[in-house]
Amino acid sequence: MSAFDFRPIARGDFAQLAHWLRQPHVARWWADDPSPQALEADYGGVIDGTEPCDVFIALLGGRPFGLAQRLRWDAYPDYLAELQRLMPAPPGAYSIDYLVGEIADTGRGLGSAMVGGFVQRLWSDKPDAAAVIVPVHAHNAASWRVLERNGFRRLASGELDPDNPADTRDHHIYGIERPLA
């Protein structure tokens with residue numbers, strides 16, 4: 001059982017998310033514009049159900065802690081084609097992304113616990129999910145170590161478009177298969 005709860009993001013979360021996106025440890029890897037207009041453009045479709053991605057606020061003891069999102073690879077054909085230059089994605093593969101909002105919550109294993117709980121929720125919510133395949137920038141060691149702590153293995157390395165245009169194209173691809181029942 002995870003110590004984390006996950007609830008779908010709502011427009012009422014935009015002020016909290018904007019705060020997190022301005023934090024240096026988040027802004028380094030999430031180069032998203034924290035303005036209200038940009039948050040609406042980025043997350044409004046998810047909230048309205050017109051974007052095929054699920055975004056959640058992670059709660060620890062009822063307190064907003066971070067953000068976690070999941071998407072099915074085949075719902076984003078361009079993104080899938082880029083990944084498949086490095087490795088095949090099995091049918092039914094998902095990806096996740098995540099952030100810990102406050103620097104005080106980093107370095108204590110809580111991010112690893114959040115991701116572990118989120119992956120367990122994905123297995124529970126998405127019975128068709130065969131695997132989780134996650135590209136991570138090669139220099140974002142904290143992120144790929146979180147994945148490794150949760151049983152993900154490095155499957156490939158190569159060049160992908162970075163989330164932050166200031167970064168190189170160097171990425172590692174991590175994956176985990178659905179556990180056998």
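Only the coordinates and a few stated rules stand behind these numbers; no lab work does. The structure presented is a predicted model; accordingly, all values stated were derived computationally and were not measured. FYI the Cβ positions are ideal-geometry reconstructions off the backbone, even for glycines, and counts take in every protein chain you see.
The table below lists the values:
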quantity	calculated
Region 115-163, residues that are of a type outside the set (A, V, I, L, M, F, W, C), within 20 Å of Pro8 (Cα to Cα) and surrounded by 16 or more Cβ atoms within 10 Å (Cβ to Cβ)	Gly116, Gly117, Arg121, Lys126
Residue within region 20-31 that is over 21 Å from Asp167 (Cβ atoms) and surrounded by fewer than 17 Cβ atoms within 10 Å (Cβ to Cβ) present	no
Some residue of region 82-90 being surrounded by fewer than 15 Cβ atoms within 10 Å (Cβ to Cβ) and over 20 Å from Tyr174 (Cβ atoms)	no
Contacts under 7 angstrom Cβ, first residue in region 38-61 being at negative phi, partner charged (D, E, K, R) and surrounded by 15 or more Cβ atoms within 10 Å (Cβ to Cβ), 6 or more apart	Ala38/Asp32; Asp42/Asp32; Gly45/Glu51; Pro52/Arg72; Asp54/Arg70; Ile57/Asp13; Leu59/Asp5
Test: residue in region 93-104 that is within 26 Å of Arg22 (Cβ to Cβ), surrounded by fewer than 17 Cβ atoms within 10 Å (Cβ to Cβ) and free of Cβ contacts under 8 Å to residues at least 12 places away in the same chain	yes
All positions within region 19-69 that are among the β-branched types (Val, Ile, Thr) and either in a loop (DSSP other than H, G, I, E, B) or closer than 21 Å to Gly107 by Cα (or both)	Val26, Thr50, Ile57
Filter pass, Ala68 being crowded, with 20+ Cβ neighbours inside 10 Å and under 17 Å from the mean Cα position of the chain (by Cα)	yes
Pairs with Cβ under 7 Å, 6+ apart, first in region 146-157 and on the phi > 0 side of the Ramachandran plot, second aliphatic (A, V, I, L, M)	Gly151/Ile176
Failed item, numbered, when Leu21 is tested on (1) in contact with a Pro (Cβ under 6 Å, 6 or more places away or on another chain); (2) touching a residue at least 24 places away in the same chain (Cβ under 8 Å); (3) closer than 21 Å to His139 by Cβ	(2)
Criterion: touching a residue at least 60 places away in the same chain (Cβ under 8 Å), touching a helix residue (DSSP H, G or I) at 6+ places or on another chain (Cβ under 9 Å) and under 15 Å from Trp144 (Cα atoms) - qualifying residue of Gly111, Gly116	Gly116
Strands (runs of 3 or more DSSP E) wholly inside region 79-181 containing at least 3 residues that are over 19 Å from Phe4 (Cβ atoms)	131-137, 153-159, 170-177
Restricting region 27-59 to residues that are closer than 16 Å to Ile96 by Cα and among the aliphatic types (A, V, I, L, M), the residue that is nearest to the chain's Cα centre (by Cα)	Val55
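One line per residue, one yes/no per condition, for (1) closer than 25 Å to Pro64 by Cα; (2) over 16 Å from the mean Cα position of the chain (by Cα); (3) polar (S, T, N, Q):
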{"position": "Gly92", "(1), (2), (3)": "no, yes, no"}
{"position": "Gly116", "(1), (2), (3)": "yes, no, no"}
{"position": "Val119", "(1), (2), (3)": "yes, no, no"}
{"position": "Arg145", "(1), (2), (3)": "yes, no, no"}
{"position": "Asn150", "(1), (2), (3)": "yes, no, yes"}
{"position": "Leu155", "(1), (2), (3)": "no, yes, no"}
{"position": "Asp163", "(1), (2), (3)": "yes, no, no"}
